[in-house]
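Handing you a structure now.
Coordinate-derived values only; no laboratory data. Remember, it's a predicted structure, so these values are computed and weren't measured experimentally. Quick reminder, even Gly has a Cβ in these numbers, built from the backbone with ideal geometry, and neighbours come from all protein chains shown.
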Amino acid sequence: VTGTGAGTEYQQVYVNPAPAVPPANNVYASVEEFRGHFKDSTSLLDEKLLQRALKAASRAIDEYCDRRFWQDAAVVSRTYVPSSCTRADVDDISTTTGLVVKVDSGLNGSYATTWTQGTHFDLRPHNAAADGEPWYQVVALDGNTFPVSGTRATLQATARFGWARMPDQVNQACLIRA
C-alpha cells in the first residue's frame, strides 16, 4: 500500500495471499481412468477435451471443499490469526518434515520466537497421519500461549501444505464431475 495522507487517522488494510497454483498436470483422475469410466477403450474421445474436463472438475472440488488435495512441492511460509490464545486453525499440513512454527511475541510483524513441536505446540487432529489425513490446527501446550491481537497474524507456519495422498473419494468425485 502506498500513498500520502493528511492527518493521523489509522486504518487497517487486509491483503489476501494469492491462492496456491496447482502444478499444471495436477488433476484428481487420469485421462486413462476417465476413458475407463466411459468405457472408451478405443480412445475415441479427444484427449485435450478430457484433460480440460478433469482439470475443471479438480478445481471445482477444491473450491467446493475449501481445501486442496495435492501437496506443495516444497515448504511454504504462511501466517495466521489464532482463534484463541491456545488454538490456531491453519491450512492443511501434509507432513511434519520441514515444519517450522514461529510466533510474533512482540506484535510487530517479526516472527522471532520459534516453537518446538511437543514442547510448545502440538498438531491436531492427533491421528491425522495414521488416517492419511493432514493436520489443520496448531494447539499451544503446557502454558504456552499465542499472542492474540484482534486481527493481527501472530503465527507463522512453514510447511508443505495440502494432502500427502489424495483420498479415493476425491478421485471418484472428479470422474463423476468431469
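If each of Ser83 and Arg124 carries a label point 7 Å out from its Cα toward its Cβ, how far apart are those two points in nm?
Between Ser83 and Arg124, the simple spin-label model gives 0.8 nm.
Sticking with this structure for a sec: Report the gain in length on full extension from Arg177 to Gln51: 0.36 nm times residue separation, minus Cα-Cα distance, nm rounded to one decimal.
Difference between extended and current length: 44.1 nm.
Could you run the Karplus curve 6.51 cos²θ - 1.76 cosθ + 1.60 with θ = phi - 60° over the range 69-78 and give me ³J(HN,Hα) per residue in whole Hz, x for Gly and Pro?
10, 10, 9, 4, 6, 9, 5, 9, 9, 9
Using only DSSP helix segments of four residues or longer, with each worth -39500 (n - 2.57), what per-residue ellipticity at 222 nm results for the chain after dividing by its residue count and rounding to 500?
Helices in the chain give a 222 nm mean residue ellipticity of -6500 deg cm²/dmol.
Can you give the extra length, in nm with one decimal, that the chain gains between Glu32 and Ala153 once fully stretched, where that is 0.36 nm per residue apart less the Cα-Cα distance?
Result for the pair: 39.2 nm of gain on full extension.
Then there is this: Based on the Cβ-Cβ distance from Leu44 to Glu133, what FRET efficiency comes out when R0 is 35 Å, to the nearest 0.05?
0.35
Whose amide H sits under 5 Å from the amide H of Trp70, counting only residues 5 or more places off or on another chain, with H placed in the peptide plane?
Trp163
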